[in-house]
Amino acid sequence: MFTATFFISVIYLFLKLFSGRNKKTRNRRPPFKKLYDLDKHQPITEFERKMVRGMFAENREIFVTAFVTETHVLRVTATIGSKYSCRASDNINLWGVKAQKIGASKIRQYHNHPDVFGRSFPSNTDKKGHRNLKPFIERHDIEFQSLLVYKSWFGKAVIKEYH
């Protein structure tokens, strides 16, 4: 009734199920800030150069928050979103306290948009988010800037502050 191949098949399935080897392991890539070497103390100009390269390479919207002094980046948070939307992944309620704790005098929020003929504009959601965050952050005596990143007509990066 049962053949040898049937028993071998059952044993094979049993071993496969309970051996622990069938668990799929997902190869996760490093986070954006690690992948583009943004997670260390560095001058703002160097940081922005690396960040822009990463934003253009990912070809998605990315939300980067940098806790900075006048000249250097101290800490970074970054989130990769979808092709046309993104938001901060960390708790923005703690940004002011976090900035004070690490000695930052300013928080710079970078966000990229796809360019249209070498130009881009912050969306109404971007402007509303900035208006809501600015007083909340500045009550901790921390300066707050929102910056839009996009490619110009000639392919160079443009970083434009908006209010």
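Observations, loosely collected:
- Ordered by 1.4 Å accessible area with all protein chains kept, HIS113, HIS130, HIS163, HIS72 run largest first as HIS163, HIS72, HIS113, HIS130.
- Bins of 5 Å from zero: percent of alpha-carbon pairs in the chain: 1, 8, 15, 18, 16, 11, 5, 3, 3, 3, 4, 4, 3, 2, 1, 0, 0
- Volume of the Cα convex hull of segment 61-145, divided per residue and given in Å³: 95 Å³
- Assigned charges on the beta-carbon of Lys, Arg, Asp, Glu; the chain dipole about Cα centre (debye): 580 debye
- With the simple model of a label 7 Å out from the Cα in the direction of the Cβ, ARG139 to PHE7 spans 7.6 nm.
- Full-extension gain in nm, GLN100 to ARG87, via 0.36 nm per residue minus C-alpha separation: 2.4 nm
- Other residues with beta-carbon under 15 Å from the beta-carbon of GLY155 carry, at +1 per Lys or Arg and -1 per Asp or Glu, a net charge of +4.
- MRE, 222 nm, helices only [DSSP H, n ≥ 4, -39500 (n - 2.57), over the chain, to nearest 500]: -10500 deg cm²/dmol
- Its residues counted as N, segment 20-110 yields a C-alpha radius of gyration over 2.2 N^0.38 Å of 1.22.
- For the pair LYS160 and PHE117 in one chain, pulling the backbone fully straight at 0.36 nm per residue adds 13.9 nm over the alpha carbon distance.
- Whole-Å distance, taken between Cα centres, linking segment 87-163 and segment 25-69: 15 Å
- With both residues required to sit in the chain, DSSP beta bridges show an antiparallel share near 75%.
- For segment 102-163: rounded, prolate or oblate by the Cα gyration tensor [a/c cutoff 1.5]: oblate
- Once all protein chains are placed together, LYS34 keeps about 120 Å² accessible to a 1.4 angstrom probe.
- The simple spin-label model puts a point 7 Å past each Cα toward its Cβ; for GLU58 and LYS16 those points are separated by 3.8 nm.
- Loop-located chymotrypsin sites (Phe, Trp or Tyr not before Pro) in segment 68-163, at most 14 other Cβ atoms within 10 Å (DSSP): TYR84, PHE117, TRP153, PHE154
- Environment charge at TYR36 (Cβ cut-off 14 Å; Lys +1, Arg +1, Asp -1, Glu -1): +3
- Accessible-area value, LEU94, 1.4 Å probe, nucleic acids and ligands omitted, Å²: 100 Å²
- Residues whose amide H lies under 5 Å from that of GLN42, counting only those 5 or more places away or on a different chain, are VAL73; hydrogens are built 1.01 Å from N in the peptide plane.
- Here is what passes the span test in the chain: the DSSP H helices with alpha carbon length of 20 Å or more along the helix axis and a Kyte-Doolittle mean of 0.5 or above are 4-18.
- Largest-first ordering by accessible area, 1.4 Å probe, given options THR71, THR45: THR45, THR71
The values are calculated or read from the model by the stated rules, or taken from the named source; none is laboratory data. Keep in mind the model is a prediction, meaning the values are calculated, not measured. Heads up, the Cβs are rebuilt from the backbone with ideal geometry, glycines too, and the neighbour counts pull from every protein chain shown. SASA here: full protein model, heavy atoms, side chains in, ligands and nucleic acids out. Shrake-Rupley method; radii C 1.70, N 1.55, O 1.52, S 1.80 Å.
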